[in-house]
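Student: Provided herewith is a single structure, encoded as structure tokens, for subsequent inquiry.
The values are calculated or read from the model by the stated rules, or taken from the named source; none is laboratory data. Nothing here was measured: the structure is a model prediction, and the numbers come from that model. Cβ atoms come from the backbone with ideal geometry, glycine included; neighbour counts cover every protein chain shown. Accessible surface areas use protein heavy atoms only, side chains included; no ligands, DNA or RNA. Shrake-Rupley method; radii C 1.70, N 1.55, O 1.52, S 1.80 Å.
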Amino acid sequence: MKILGIETSCDETSCAIVKDGRILMSNVIASQIDIHRATGGVVPEVAAREHVVKIVPVLNESLKIAGINLSEIDAVAVTYGPGLLSSLLIGVNAAMTLAKVLKKPLIPVHHIEGHIYANWILQSAKEIDVPKFPALVLTVSGGHNELILWEEHGRYKFLGATLDDAAGEAFDKVARLLSLQYPGGPSIQRAALKGDPNKYKLPRAWVTKWDFSFSGLKTAMLRLVQEHLPKIKSKKLKEQFIADAAASFQEAVCEVLAIKTINAAKKYKAKEIHLAGGVSANSRLRELVRSLINEQFPHNKPTLRYCTDLKLCTDNAAMIATAGYFKYKKSPSKYKKWKSITSDPNLKILQW
Ligand code: KG4
Ligand code: ZN
């Protein structure tokens, strides 16, 4: 079964074709990063206008790479929330039109469920194993930061979430403080390579057992930067300070994320640990979780999964097609008759 996935919830226009939920035939992403760099973040109207320009060329490219034409698609899956309303509308309208014209099932997908399902996409020709439930999932993106016990397809137990900023948001804001480029995550990771993660003592917010908080850390970073601002206004922050501050900040975020994830996996006897969302591209986070698994699970180590293809960690349509496939498989009759989809910027994950 070939599913066309469409994703336009924020600043990437993406269309992908995924076969049987796991085989990636194409995953085309038109990124708006260069446009939003000038403003240091996403301006919703600018993003929406760009989606309008890109959606048809990106769709055509995804079909071309997959080597199929539109009539060979078996269903259309689309992100309908959460995200920027004006951006969501472009993808949802494109998907509704295609499904109606082609007379194919139309499957609405929650953006974060897409991120979670990205770990089902086969990453190499050798990989054949099927993820096992229950899995402990850490979702870390620009807008989401949750610990979820994934009991089976469509069944989630929400253990905790951020009480203020998501980890990705903290990376983006702190990068700005350090005069690093948007998006902040990759810039901080790069700067941190030359820095000392123990140089500055930064707070770790343990708050409740499974919840997160990054606002205190952000304030600590603001103070640190203010202390190191050169007296002469035209001068810039020192390169070594930026590297040490970036490394210390990255360590503080990743330590809390990794320790809580491991503790939850232990408590709920998870067979697997999945990292999902844009921040799961962070190599220090991956490394920390891996070393904690080795240290804390002498027997029956949970399998660690994250997307080695970094394009599958950040926003992309392949993950939407995959989530759509599993939703469709569970109750095909629900999606066969064409129904209008309402985009919802604050959509919650529903059980199915
Ligand atoms: O999942 P995503 O593409 O979009 C949302 O759904 O929000 O995540 C984007 C976030 C941004 O905040 C970006 O800075 C962060 O993911 N990110 C990273 C890395 N790559 C992307 N954060 C830390 N380290 C990275 N290597
Ligand atoms: Zn995302």
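Student: Which condition from (1) within 15 Å of ligand 2 (Cβ to nearest atom); (2) at pLDDT below 95 is the one that residue 16 breaks?
Tutor: (2)
Student: Name the residue, out of 91, 114, 142, that is open to solvent by 40 Å² or more (accessible area, probe 1.4 Å), touching a residue at least 24 places away in the same chain (Cβ under 8 Å) and either assigned to a helix (DSSP H, G or I) or within 16 Å of ligand 1 (Cβ to nearest atom) (or both).
Tutor: Residue meeting the stated conditions: 142.
Student: Going through the range 94-111 one residue at a time, which ones are open to solvent by less than 20 Å² (accessible area, probe 1.4 Å) and over 20 Å from residue 333 (Cα atoms)?
Tutor: 111, the sole residue that qualifies.
Conditions tested, residue by residue: (1) touching a strand residue (DSSP E or B) at 6+ places or on another chain (Cβ under 8 Å); (2) closer than 17 Å to residue 324 by Cβ; (3) of a type outside the set (D, E, K, R).
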| site | (1), (2), (3) |
| --- | --- |
| 54 | yes, no, no |
| 66 | yes, yes, yes |
| 78 | yes, yes, yes |
| 86 | no, no, yes |
| 99 | yes, yes, yes |
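Student: If the requirement is being more than 16 Å from ligand 2 (Cβ to nearest atom), touching a residue at least 60 places away in the same chain (Cβ under 8 Å) and open to solvent by 10 Å² or more (accessible area, probe 1.4 Å), which of these qualifies: 226, 250?
Tutor: Sole residue among the options that is more than 16 Å from ligand 2 (Cβ to nearest atom), touching a residue at least 60 places away in the same chain (Cβ under 8 Å) and open to solvent by 10 Å² or more (accessible area, probe 1.4 Å): 250.
Student: Could you check the range 1-55 and list, in sequence order, the residues that are without any contact (Cβ under 8 Å) to a residue 40 or more places away in the chain, among the polar types (S, T, N, Q) and under 22 Å from residue 144 (Cβ atoms)?
Tutor: 31, 32
Student: Ok, one more. Suppose the filter is within 23 Å of residue 183 (Cα to Cα), open to solvent by 10 Å² or more (accessible area, probe 1.4 Å) and more than 14 Å from ligand 2 (Cβ to nearest atom); does residue 163 pass it?
Tutor: Judged against the criteria, residue 163 is a match.
Student: Any residue at all in the range 290-299 that's under 30 Å from residue 92 (Cβ atoms) and either within 22 Å of the chain's Cα centre (by Cα) or more than 16 Å from ligand 2 (Cβ to nearest atom) (or both)?
Tutor: No, the conditions are met nowhere in the range 290-299.
Student: OK, next. Which of the residues belonging to the range 63-88 are assigned to a loop (DSSP other than H, G, I, E, B) and without any contact (Cβ under 8 Å) to a residue 40 or more places away in the chain?
Tutor: Across the range 63-88, the qualifying residue is only 69.
Student: Output the number of residues of the range 203-244 satisfying the condition of being part of a loop (DSSP other than H, G, I, E, B) and within 16 Å of ligand 1 (Cβ to nearest atom).
Tutor: 1
Student: Could you name every one of the helices (runs of 4 or more DSSP H) located completely within the range 257-343 that has at least 3 residues being free of Cβ contacts under 8 Å to residues at least 40 places away in the same chain?
Tutor: 283-296
Student: Filter the range 295-307 for residues that are among the polar types (S, T, N, Q) and open to solvent by less than 90 Å² (accessible area, probe 1.4 Å) and give the result.
Tutor: 296, 303
Student: Any residue that is at pLDDT 95 or above, over 14 Å from residue 247 (Cα atoms), of a type in the set (Lys, Arg) and touching a helix residue (DSSP H, G or I) at 6+ places or on another chain (Cβ under 6 Å) - is there at least one of those in the range 201-216?
Tutor: Yes, the conditions are met somewhere in the range 201-216.
Student: Which of the following residues is out of contact with any Pro (no Cβ under 8 Å at 6 or more places or on another chain), open to solvent by less than 10 Å² (accessible area, probe 1.4 Å), more than 16 Å from ligand 2 (Cβ to nearest atom) and not polar (S, T, N, Q): 184, 154, 195?
Tutor: The match here is 154.
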